[in-house]
1. Can you give me the long-range amide H partners of residue 41? Hydrogens built in the peptide plane at 1.01 Å from N, cutoff under 5 Å, separation of 5 or more residues or another chain.
2. Restricting to DSSP H runs of at least four residues, report the calculated mean residue ellipticity at 222 nm for the chain, -39500 (n - 2.57) per run over all residues, nearest 500 deg cm²/dmol.
3. Given a cut-off of under 8 Å on Cα pairs at least six residues apart, what relative contact order in percent is computed for the stretch 139-227?
4. If you take every residue apart from residue 89 with its C-beta less than 12 Å away from the C-beta of residue 89, what net charge results, scoring Lys and Arg +1 and Asp and Glu -1?
5. Using θ = phi - 60° and the Karplus form 6.51 cos²θ - 1.76 cosθ + 1.60, what ³J(HN,Hα) does each residue of the stretch 65-81 get, whole Hz, x for Gly and Pro?
6. For the chain, set up a Gaussian network in which alpha carbons nearer than 10 Å are linked by springs, and say which option among 243, 183, 163 fluctuates the most.
7. Taking a temperature of 37 °C and a viscosity of 0.692 mPa s, what whole-number D in µm²/s does Stokes-Einstein yield for the stretch 3-269 with Rh from Kirkwood over alpha carbon pairs?
8. What's the magnitude of the charge dipole for the chain around its Cα centre, counting Lys and Arg as +1 and Asp and Glu as -1 at the beta-carbon? Answer in Debye, nearest 20.
Amino acid sequence: MNPNKALWEKGDFTRIATGMRQGGEGFVASLGIRPGLKVLDLGCGDGTTAIPAAKLGAEVLGVDIARNLVEAGNQRVQDERLANIVFQEGDASDLAGLEDDRFDLVVSMFGAMFAPRPLDVARGMVRVTRPGGRIVMGNWIPNDPTLVAQILKISAAYAPPPAEGFVSPMRWGIEADVAERFASAGIVSDSISFTRDTYRFEFPCTPAALVDEFRRSYGPTMNAFEAAAKDGRADSLQAELEALFQACNTSPSPQATSIPATFLRVTIAVN
Ligand SMILES: C[S@@+](CC[C@H](N)C(=O)[O-])C[C@H]1O[C@@H](n2cnc3c(N)ncnc32)[C@H](O)[C@@H]1O
């Protein structure tokens with residue numbers, strides 16, 4: 001089994017995605033989507049950004065490596081009776097099944113960053129974007145003090161060392177690395193812009209309950225707990241994550257969790 005696929009099919013990421021819907025809609029609203037725009041959402045999950053894009057009239061293809069998330073996305077499409085969007089299984093590291101220049105806009109919100117072989121990811125995204133089109137990525141930033149970078153950092157400290165040759169997904173949050181990857185796909189640095197943006201997670205539960213949800217549903221956290229349990233450190237991991245979630249929470253309600261997280265927004269003009 002492909003470990004990248006196994007990681008994301010583990011658990012149920014849709015349970016985390018429910019707290020990302022507002023952030024996804026806000027992000028999509030900033031993309032200038034108009035009816036008929038051809039959009040590829042790479043690493044789309046169950047449609048946090050793909051579905052709002054379709055609701056704005058875009059023709060959307062959502063591609064994700066996790067079969068269960070593709071099924072969940074297509075179920076949402078049916079439930080919402082949307083005719084201009086479809087989700088299919090695929091790997092951001094290998095877009096061979098998609099034609100050159102097919103899309104006006106390729107979006108990847110915390111998705112393609114998790115695919116192996118980043119040079120292939122960059123090349124594939126550029127190849128399927130038409131000249132004059134755009135690529136927009138949202139990537140978590142290594143060592144950033146906000147939520148997701150810290151979850152991944154804490155989790156990594158409990159997990160076994162990565163296999164030799166493993167390239168951290170967090171390097172997609174380093175501007176120089178992103179520029180180098182796209183340069184290898186023929187994109188000059190003047191065509192890339194970087195901004196820091198904020199994504200808000202909103203959950204109707206306490207920060208401690210949210211840690212439990214990550215422990216049950218989010219592949220990277222599940223793996224960290226499994227590894228921690230093997231050497232009797234699961235309680236310590238739980239405590240570290242609870243402290244993090246409490247510290248990041250800005251909700252005035254004791255029964256809700258609202259956490260802003262910083263990400264690197266990468267915009268590429270493809271010529
Ligand atoms: C953190 S989730 C984000 C999902 C979605 N973009 C969102 O904002 O809710 C990461 C997503 O990337 C997908 N993913 C990971 N590796 C991938 C790959 N190689 N190709 C396509 N999708 C991938 C996962 O299955 C998962 O849905």
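The values are calculated or read from the model by the stated rules, or taken from the named source; none is laboratory data. Source: prediction; values computed, not measured. Positions of Cβ are backbone-derived with ideal geometry, glycine not excepted, and every protein chain shown enters the neighbour counts. Ligands, DNA and RNA are excluded from the accessible area calculation, which covers all protein heavy atoms including side chains. Shrake-Rupley method; radii C 1.70, N 1.55, O 1.52, S 1.80 Å.
1. Amide H neighbours of residue 41: 61, 62, 63, 107.
2. After summing the helix terms and dividing by residue count, I get -12000 deg cm²/dmol.
3. 35
4. Charge balance near residue 89 sits at -3.
5. For the stretch 65-81, the Karplus-derived couplings read 6, 8, 4, 5, 6, 4, 4, 5, x, 5, 5, 4, 4, 5, 4, 8, 6 Hz, x marking Gly and Pro.
6. 163
7. Values: Rh = 18.8 Å.
Diffusion coefficient, whole number: 174 µm²/s.
8. Roughly 300 debye, rounded to the nearest 20.
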